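In what follows, a single structure is set out as structure tokens and then discussed.
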Amino acid sequence: MNTFVALLRSINVGGRNRLPMAHLAGLVSELGFGDVETYLQSGNVVFRGSGPAAEIGRAIEARITADLGLDVSVIVRTKSQLARTIEANLRAPEVFVHPFRLIPYTRSGVFVHPWRRLRSADVT
């Protein structure tokens, strides 16, 4: 069993793509995952389960589309993948450090640093 984090793009922004977090938690649970927790109205959900992260993301996307008719991008990472990404971001040159941390992902799931591209081997 792994701990996963699902990051949903463009959920509950400006009144568009409304997805109540209780509904999100319920559909992730119905997909067979446990210990499901959401964070505020962010579209972020943490859960435990097994399987490849990319397949889990596609399953969540498909379920959201089927249930709500929304076309939502979902990126799923294991706890360790996310920790490595955060660590890579914390090593950023001082000139790029802001009061907040930005950790961008591409749809393919490869971490893209704002000022340099890391090899996928660095974050997988």
Selection within the stretch 1-58 - of a type in the set (Lys, Arg), under 15 Å from the mean Cα position of the chain (by Cα) and at pLDDT below 90: Arg9
Options Val5, Val36: the member that is surrounded by 13 or more Cβ atoms within 10 Å (Cβ to Cβ) and either assigned to a helix (DSSP H, G or I) or without any contact (Cβ under 8 Å) to a residue 40 or more places away in the chain (or both): Val36
Which numbered condition Arg48 fails, given (1) surrounded by 12 or more Cβ atoms within 10 Å (Cβ to Cβ); (2) in contact with a Phe, Trp or Tyr (Cβ under 8 Å, 6 or more places away or on another chain); (3) free of Cβ contacts under 8 Å to residues at least 40 places away in the same chain: (3)
Some residue of the stretch 89-108 being part of a helix (DSSP H, G or I), at pLDDT 50 or above and under 12 Å from Ala6 (Cβ atoms): no
Candidates Arg16, Arg63 - the one that is over 17 Å from Met1 (Cβ atoms) and touching a helix residue (DSSP H, G or I) at 6+ places or on another chain (Cβ under 6 Å): Arg63
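The values are calculated or read from the model by the stated rules, or taken from the named source; none is laboratory data. Small disclaimer: the values here were computed from a predicted structure and weren't measured. Quick reminder, even Gly has a Cβ in these numbers, built from the backbone with ideal geometry, and neighbours come from all protein chains shown.
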